[in-house]
1. Sort out which residues of region 52-62 are in contact with a Lys or Arg (Cβ under 9 Å, 6 or more places away or on another chain) and of a type in the set (D, E, K, R), and write them in order of number.
Amino acid sequence: MYWGNYGCGMGAGWLFMIIFWALVILGIIYLLKLVIGAEKQKGETSLEVLKKRYARGEITKDEFEEKKKDII
C-alpha cells in the first residue's frame, strides 16, 4: 500500500496514541489531587475555632489566653 508523503504512516501512530492517553490520565490524576487537597484545607484550625468562641462570648479573655497557650 502506498502511504505517500505522510512520514512513517501508521508505524508510529500507536506510540503517539499511548503518549496522548498517558497524558490524559496523568492530567485527570493531577486534577483529582488538587480537588482532594483543597477539600482537606477547608477545615478550621483549633486556633480559629478558639477565636470564634471568644468573639461570640462563649469564653472569657482569661480562658482564651489559657487555651491559646495550650494550643501553641
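1. Once the filter is applied, which keeps residues that are in contact with a Lys or Arg (Cβ under 9 Å, 6 or more places away or on another chain) and of a type in the set (D, E, K, R), region 52-62 yields R53, E58.
This table checks each residue for (1) assigned to a loop (DSSP other than H, G, I, E, B); (2) touching a Pro at 6+ places or on another chain (Cβ under 6 Å); (3) aromatic (F, W, Y); (4) at pLDDT below 90.
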site	(1), (2), (3), (4)
N5	yes, no, no, yes
C8	yes, no, no, yes
W14	no, no, yes, yes
L23	no, no, no, no
E39	no, no, no, yes
E44	yes, no, no, yes
R53	no, no, no, no
I59	yes, no, no, no
F64	no, no, yes, no
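The values are calculated or read from the model by the stated rules, or taken from the named source; none is laboratory data. On a predicted model such as this, the values are computed, not experimentally measured, just so you know. Counting neighbours? That spans all protein chains shown, and the Cβs are built from the backbone with ideal geometry, glycine included.
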